[in-house]
Amino acid sequence: MTEEERQGLAGEYVLGTLDAAQAQAVRDDPSMATPIAEWEARLAPLHALAPPEAPLPELWVRIERSLQGTAQPRAARSPWFSRFWAVGATAVAAGLATLLVVQRPEPPPLMTVLLTSREAPAFLVEADRGGEIRLAALNNQAVPEGRVRQLWALPAGATAPTSLGLVPEDGRIRVRAAAIRPEPGMLIEITLEPPGGSPTGRPTGPILFIGRLAPARGV
Amino acid sequence: MSEPTLAVLLSAVAAGEPSALRGIYQQQSLRLFGVANAVLRDRDQAADAVHNAFLNIARRAGQYDPARGAAEAWLAAVTRYAALDILRARGREMPSDDPALGDIPVEPEALQLLEGQENGTRLRACLQSLPEKNRRGIVLAFVHGLSHPQIAAQLELPLGTVKAWIRRGLLSLRDCMA
């Protein structure tokens, strides 16, 4: 095989166009490891073209169960057991109470993906019914010099949004606003504001991203 | 509150700390489920792919080498391979005449999403230097897991032409990005 053929084959393996037998042969060839890693690095930005989607909450439970089935000794202990062990005997009663609460069926958490004006996903927002709202950048972009990003919530029927605070540079924030109770249909938006945030208590700058909370659901 | 980085969580998983895997899942499950669902276009099968991917991540976390690229890229690659395995196992019978298929990622504006990714600006410029059908073929294969025959049907080109174009397109991408 010429070097060009090897490179092409590794590229097609990473692209995903090889059939099962060809893919297996490439994967099992140790001399392909480096060209494969190079192709993965070259093409990795294309992952951003797949729109983020929320899996069902049960998926993590299933993963955890499979891991326990195959686990090495260290991971074999049930997480509940080790958690109780860690918190100590005095906290066991409190732990049991938590367990009971956790097992009661709860309404699903709320979430939305804030989109840019071009419909590109920019931020993931998750909200507990209890009131905590979490924001995470999916594709964090630099903020224009001398400006800050401010997060707002607009409950259904409200006439003006309530500030949830400024978005830090890393695009991650966790807030709990006393006046806001997350509910389906609530609008979440991020605007561009002067340093320190909007001087008026209402958005003054352009809306960068916007989305509407909905119950997290799977299929 | 700052969260541990993915690279730190991966090395904790490799060191035998299973709870770190949950941190990775919390930070990445939407993105990874999106990657799997774009390939499989079936939420149940995408869930299977993410499940299999996380078992692989638990087992192979020690193989992640930060010198070779971002942890996000490694996690997405493991997930996409898990999705491709399922796709191959089911025989890629996904209809390639689905009119909605592939509209989003192959629009020229969509390539803007590459900006802000590590190496994204470079890849975007190099993709845009390829002939349009060539670029579409590569993006459709990567994002939606289309096979050569499916790409040929989608682009209305003979199969042999598509195979040769994709191979040539990959090699010119490589030269362009060198």
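The values are calculated or read from the model by the stated rules, or taken from the named source; none is laboratory data. All values reported here derive from a predicted model rather than from experimental measurement. A quick note on method: Cβ atoms are made from the backbone with ideal geometry, for glycine too, and the neighbour counts reach across all protein chains shown. These accessible areas exclude ligands, DNA and RNA; they are computed on the full protein's heavy atoms, side chains included. Shrake-Rupley method; radii C 1.70, N 1.55, O 1.52, S 1.80 Å.
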Item checked: Between B and A, accessible area buried - total, square angstrom, nearest 100, 1.4 angstrom probe -> 5600 Å²
Note to self: If you count only protein heavy atoms with a 1.4 Å probe, what accessible area per residue comes out for chain B, rounded to a whole Å²?
What the structure shows: 43 Å²
Margin query: I need the fraction of alpha carbon pairs in the stretch A:1-66 separated by more than 16 Å, rounded to a whole percent.
Written below: 59 percent
Check: With every protein chain present, what is the per residue accessible area of the stretch A:108-163 (1.4 Å probe, Å²)?
Finding: 46 Å²
Checklist line | Carbon and sulfur %, accessible surface of the stretch A:126-219 computed with the full protein complex present, 1.4 Å | finding: 52 percent
Checklist line | Whole-angstrom gap from the stretch A:139-210 to the stretch B:66-87, using each part's C-alpha centre | finding: 33 Å
Check: Binning every alpha carbon pair distance of the stretch A:110-215 at 5 Å from zero, what are the percents per bin?
Finding: 2, 14, 26, 27, 21, 8, 2, 0
Checklist line | Contact order relative to length of chain B, as percent, for alpha carbon pairs under 8 angstrom and 6 or more apart | finding: 20 percent
Next item on the list: Could you pull out the GluC sites (Glu not before Pro) across the stretch A:131-216 that fall in loop regions by DSSP (anything but H, G, I, E, B) with no more than 13 other Cβ atoms inside 10 Å?
Entry: A:Glu145, A:Glu169
Margin query: Kirkwood Rh and Cα-based Rg: tell me the resulting Rg over Rh for chain B, rounded to two decimals.
Written below: 0.99
Notebook entry, point to check: For chain B, what is the mean residue ellipticity at 222 nm derived from helices alone (per DSSP H run of n ≥ 4: -39500 (n - 2.57); sum divided by total residues; nearest 500 deg cm²/dmol)?
Noted result: -21500 deg cm²/dmol
Check: Can you give the convex hull volume per residue for the Cα atoms of the stretch B:1-91, as a whole number of Å³?
Finding: 93 Å³
